[in-house]
Protein chains: 2
Amino acid sequence: MDPTDFETHPARYRHWKLTTAGETATLVMAVDAEHPHRPGYELKLNSYDLSVDLELADAIGRLRFEHPNVKVVVITAELDRVFCSGANIYMLGLSSHSFKVNFCKFTNETRLYLEDASANSGLASLCACKGTTAGGGYELALACDEAMLVDDGSSAVSFPETPLLAVLPGTGGLTRLVDKRKVRRDRADVFCTTAEGIKGKRAKDWGLVDHVVSRSKWDDVVAARAQALAAQQTVVRGPAVALPALAPRVTDQTITYLHVELSIDRAARTAALVVKGPDAPPPADLTSAELWSLRAFRELDDALLRLRFDHPDLGVVTVRTSGDPKLVVAHDEALARATTGFAREVRLLQRRVLRRFDNTARSFYAVADRLDTCFAGSLLELALGADRFYMRIDKAEQLGVTTSVANQGFLTMSSGLSRLDARFYGEPAHTQTLLSRGSEGPIGSEEAEQLGVATIAADDIDFADELRIAIEERASLSPDALTGMEQSLRFVGPETLETKIFGRLSAWQNWIFQRPNAVGEGGALKLYGTGKRAEFGEERV
Amino acid sequence: MDPTDFETHPARYRHWKLTTAGETATLVMAVDAEHPHRPGYELKLNSYDLSVDLELADAIGRLRFEHPNVKVVVITAELDRVFCSGANIYMLGLSSHSFKVNFCKFTNETRLYLEDASANSGLASLCACKGTTAGGGYELALACDEAMLVDDGSSAVSFPETPLLAVLPGTGGLTRLVDKRKVRRDRADVFCTTAEGIKGKRAKDWGLVDHVVSRSKWDDVVAARAQALAAQQTVVRGPAVALPALAPRVTDQTITYLHVELSIDRAARTAALVVKGPDAPPPADLTSAELWSLRAFRELDDALLRLRFDHPDLGVVTVRTSGDPKLVVAHDEALARATTGFAREVRLLQRRVLRRFDNTARSFYAVADRLDTCFAGSLLELALGADRFYMRIDKAEQLGVTTSVANQGFLTMSSGLSRLDARFYGEPAHTQTLLSRGSEGPIGSEEAEQLGVATIAADDIDFADELRIAIEERASLSPDALTGMEQSLRFVGPETLETKIFGRLSAWQNWIFQRPNAVGEGGALKLYGTGKRAEFGEERV
């Protein structure tokens, strides 16, 4: 299989058109039915697949960095009477379980990025649905700040997943319906089992959309609401920085970027991820796409996506860092001190990439065993986010970890806790102890173990064997059980809309995506479009 | 299949021995290997199945009501060197998916009842593990206030589920490990993948147990800790009330109790639940097992369990009430006013039963269509907990709902929200509006719809058809998709240990319980004990 390319550019979009005018960007969904992600299905009626969602993710990212003047993005479509009919059902029917789950995870992340841009970056969103808005189409609307539906007597919002396809809305829809939009639960029940959806006044009365607007007034009201949303924004972005292609070198064994390398050992079913620290102090003016803090984390993000989609068979990933810890700290501190909107965007991007790391269903073992290890500040978060952290004890105490301002709370997990607070959930004061100690200088391996940063510190004689055995053992366990276990242990403490979507809703969807009622020979997802009626087993589980 | 009998009595226990002495009760696990719930496996090494857990649930319930002087229960075993080896693996291997899931749900509820008794009823628990404590055995220990492990050089606590069986600990273990005991997540990772478990000092250092105690000091320390826990209790229970058998009349079509009846329509795949209100005002002295508030809710509890285990094919359940709303309100108010520990126990039992209702994976449609309907107070909670509430509009406005003190906040869902607060999550002030209106008298069907209590109110002409069609439609949908949908819509708002266990951990376990790596021909759960090694697919999902 060819590697998946997650990079694109508005000039190359096939499925969306991005334009900007003053404070408003318009993102028009115009899916090219003939160019799906993989052959075998057509993307009719503005239905989407990974190729469509990749472009949406790219557009949101570019608006944040490249178009700092834009304060609102209007998401709309140009088909007559259809906004978006959701994820393409034939694509889902043809996809492996693994692909379906990873596709939903990616689309969920993209929608959370819309919400993140609104909450933190002064970029509001308005979903202008001038036609049928079904399934994933409505989930996209739910992720926007406001949803507007045309009042033409026929256009409705709907979740036909349960009644027609025997699955759930897979992109946070159920959670957003009751937890974000606070639709009354019994009305949500009616809505989610009514295949044709709900339109007009009732859609507004029930809180499913914010506005219902006639065709004749549509353009004016869209423009007015966009302007109103733009006017509410107080966060200033910029200066503008264009995001160049990362263009990694991809072979069967390695994916190589400037600062990141992922090496694959297919026989052992493991991968080795190495993130290099910066090789120079931060420049006086940080505003550059080549800034290490931005470039390295963009590369890490891309590597994680390739790992998820193209290498489902690699269960254990070692995570190493290489470079000068002092330079990582210097970059973290320069970024924290900087008052530009650009610097804040970089910090927010780092946060999102680290959350993507947390939400990647592989066993991550962070390893500090080479003398150039640099688990410092923003890179230390990788060790704190890993399932285990192995440190070698060297007599000269050159190996260690270093804290920076980046560990002090900004880089929160989906739960809202910092990785240190999640780690020391049982002794909250310990985060401060650790940060105080860190402010005095590097923490050697033995002390890092005592302070609860390292899982295991072992001396020269034992280290290599201990690590090798731990990796082999991990690779021998059931991938499914590990996924469920890691999901339950990583996300300690409070739950948020985001953790509910990944931890609760996704788990139910994963379950349903396996059930004969959905994917069996007579299952609804399999038979969709054949004209045959699905046969359901009667058993409630 | 014979109906499952969920009622038992200490005199008939096969697997536990319950004794009390002063403030201490001792519950000795002594599983009779020859008497499993169903033929086909032996309950060796204090492994358990439904028949064992039924007795545990019975014992906890009786300690609360029948032994008010008991302030601590010591859970222990009399096997040499084994406390409990967890749920019986052969039983799991032989069971249907539906049974496995419902078995885990029941055992989860029982463990939550232990925690509820400690938090609210002055009944602490000490798990005294004088030997191997594996899987569900350790999960039982995690549900107790304190866990004590013998320090004999070999006895360990362990979660061998993931490394040996390719599944997860199914009774809240992962969640309690990091969220309740606050074990550091990377240590929890090591623990959960180490089949032989962790013993001695390390078990205590990592927070897996509270005490490690040598054999020679065992009895003294157990007694001392039990005494210390008892001394901390401030809540007073009593007076003692013995719980008589409910002994329903069970036929193929009906399960009939004094106040509750469940009627089964196998062809339509529906059931009709009717709960009758009290037929007389509350007595001056409430202290009686025959008190309506206690008896009716015990019956409802038993009916829900029978529905779950014996009738997996019934997807839609209508819920009706019958009686005089004023008498329900009178009972609720007498119970709220009463200052005895017994009255508090009854209120806590009502709360647990209503949570069992929330956690039952069936579509519940509450229906108020007969003139003797009595959705009042504690019974109104059934309508608020149902997925939908259908009310008929009668011209004389005899049909309505009534609020009482029982709706004011004590009967919280697992999330900690009252059912009214969950219903009006979008407009918190509305709970007060509704309660104020309720204090003025019954609320007719039309007004109940306007106030957001009824989902749909329809007049005489349309009502019967509308309800019939809604039930038929619901029964035609995929049972799995409905379960996932209802799970996501019912539990709006905050998450707690309890909702995490049911919503997050259970969903992942359900998923894993379906995967070939666990239950396929070469799956670990299937091959356990055969000497054959499981073969795992390599794909991470």
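The values are calculated or read from the model by the stated rules, or taken from the named source; none is laboratory data. All of these numbers come straight from a predicted model, not from anything done at the bench. Cβ placement follows ideal geometry from the backbone for every residue including glycine, while neighbour counts extend to all protein chains displayed. Surface accessibility is based on the protein's heavy atoms, side chains included, excluding ligands, DNA and RNA. Shrake-Rupley method; radii C 1.70, N 1.55, O 1.52, S 1.80 Å.
Those residues that are surrounded by fewer than 18 Cβ atoms within 10 Å (Cβ to Cβ) and either aliphatic (A, V, I, L, M) or part of a helix (DSSP H, G or I) (or both), I need them from segment A:193-203; list them, please.
The first filter runs over segment A:193-203 and keeps only residues surrounded by fewer than 18 Cβ atoms within 10 Å (Cβ to Cβ), leaving A:194-196, A:200-202.
Of everything in segment A:193-203, those that are surrounded by fewer than 18 Cβ atoms within 10 Å (Cβ to Cβ) and either aliphatic (A, V, I, L, M) or part of a helix (DSSP H, G or I) (or both) turn out to be A:Ala195, A:Gly200, A:Lys201, A:Arg202.
Could you tell me which of the residues A:Val222, A:Val150, A:Val190 is among the hydrophobic types (A, V, I, L, M, F, W, C), over 27 Å from A:Leu525 (Cα atoms) and open to solvent by 10 Å² or more (accessible area, probe 1.4 Å)? Please lay out each step first, then the result.
Values: A:Val150 fails: open to solvent by 10 Å² or more (accessible area, probe 1.4 Å); A:Val190 fails: over 27 Å from A:Leu525 (Cα atoms).
One residue alone meets the criteria, A:Val222.
Restricting attention to segment B:132-167, the residues being within 14 Å of chain A (Cβ to nearest Cβ) and farther than 26 Å from B:Ser118 by Cα number 8.
Taken as a whole, the condition of being surrounded by fewer than 22 Cβ atoms within 10 Å (Cβ to Cβ), of a type in the set (D, E, K, R) and either at pLDDT 95 or above or over 22 Å from the mean Cα position of the chain (by Cα) (or both) applies to B:Asp80. Go through (1) more than 23 Å from A:Asp205 (Cα to Cα); (2) part of a loop (DSSP other than H, G, I, E, B); (3) more than 9 Å from chain A (Cβ to nearest Cβ) and name the single condition B:Val453 misses. Of everything listed in (1) more than 23 Å from A:Asp205 (Cα to Cα); (2) part of a loop (DSSP other than H, G, I, E, B); (3) more than 9 Å from chain A (Cβ to nearest Cβ), B:Val453 misses just condition (1).
Quick one: in segment A:380-403, of everything that is among the small types (Gly, Ala, Ser) and assigned to a loop (DSSP other than H, G, I, E, B), which residue is surrounded by the most Cβ atoms within 10 Å (Cβ to Cβ)? Reasoning before the result, please.
The first filter runs over segment A:380-403 and keeps only residues among the small types (Gly, Ala, Ser), leaving A:383, A:385-386, A:396, A:400.
Adding the requirement that they be assigned to a loop (DSSP other than H, G, I, E, B) leaves A:386, A:396.
Values: A:Ala386: 26, A:Ala396: 7.
Checked segment A:380-403; the qualifying residue surrounded by the most Cβ atoms within 10 Å (Cβ to Cβ) is A:Ala386.
Taking the criterion of being among the hydrophobic types (A, V, I, L, M, F, W, C), part of a loop (DSSP other than H, G, I, E, B) and at the interface with another protein chain (Cβ under 8 Å from one of its Cβ atoms), would at least one residue in segment B:180-188 satisfy it? Looking through segment B:180-188, at least one residue is among the hydrophobic types (A, V, I, L, M, F, W, C), part of a loop (DSSP other than H, G, I, E, B) and at the interface with another protein chain (Cβ under 8 Å from one of its Cβ atoms). In segment A:500-514, the qualifying residues are those that are more than 7 Å from every other protein chain (Cβ to nearest Cβ) and within 18 Å of A:Leu525 (Cα to Cα), and the one that is surrounded by the fewest Cβ atoms within 10 Å (Cβ to Cβ) is A:Phe513.
Count of segment B:274-315 residues, restricted to those that are touching a Leu at 6+ places or on another chain (Cβ under 9 Å) and closer than 21 Å to B:Arg388 by Cβ, is 9.
Out of A:Glu473, A:Glu486, A:Glu495, I need the residue that is facing chain B (nearest Cβ under 10 Å) and surrounded by fewer than 18 Cβ atoms within 10 Å (Cβ to Cβ). Which one? Give the steps one after another, and end with the answer.
Working: A:Glu486 fails: surrounded by fewer than 18 Cβ atoms within 10 Å (Cβ to Cβ); A:Glu495 fails: surrounded by fewer than 18 Cβ atoms within 10 Å (Cβ to Cβ).
Within the list A:Glu473, A:Glu486, A:Glu495, the selection yields A:Glu473.
For B:Thr107, state whether it is on the phi < 0 side of the Ramachandran plot and in a helix (DSSP H, G or I). So B:Thr107 passes the test. Going by what's in this entry, would A:Leu208 be described as open to solvent by less than 10 Å² (accessible area, probe 1.4 Å), in a strand (DSSP E or B) and more than 10 Å from chain B (Cβ to nearest Cβ)? No. Can you report the number of residues in segment A:515-539 which are open to solvent by 70 Å² or more (accessible area, probe 1.4 Å) and not in a loop (DSSP other than H, G, I, E, B)? Of the residues in segment A:515-539, 2 are open to solvent by 70 Å² or more (accessible area, probe 1.4 Å) and not in a loop (DSSP other than H, G, I, E, B).
Among residues belonging to segment B:162-179 that are assigned to a helix (DSSP H, G or I), in contact (Cβ under 8 Å) with a residue 40 or more places away in the chain and in contact with a Leu (Cβ under 8 Å, 6 or more places away or on another chain), point out the one that is surrounded by the most Cβ atoms within 10 Å (Cβ to Cβ). This residue is B:Leu174. Only residues that are at the interface with chain A (Cβ under 7 Å from one of its Cβ atoms) and not hydrophobic (A, V, I, L, M, F, W, C) were counted across segment B:189-202, and they come to 2. From the residues in segment A:417-450 that are within 12 Å of another protein chain (Cβ to nearest Cβ) and not in a helix (DSSP H, G or I), which one is farthest from the chain's Cα centre (by Cα)? Out of the qualifying residues, it is A:Glu427. Of the helices (runs of 4 or more DSSP H) that lie entirely inside segment B:289-379, those containing 1 or more residues that are in contact with a helix residue (DSSP H, G or I) (Cβ under 8 Å, 6 or more places away or on another chain) and within 14 Å of chain A (Cβ to nearest Cβ) span B:292-310, B:341-358.
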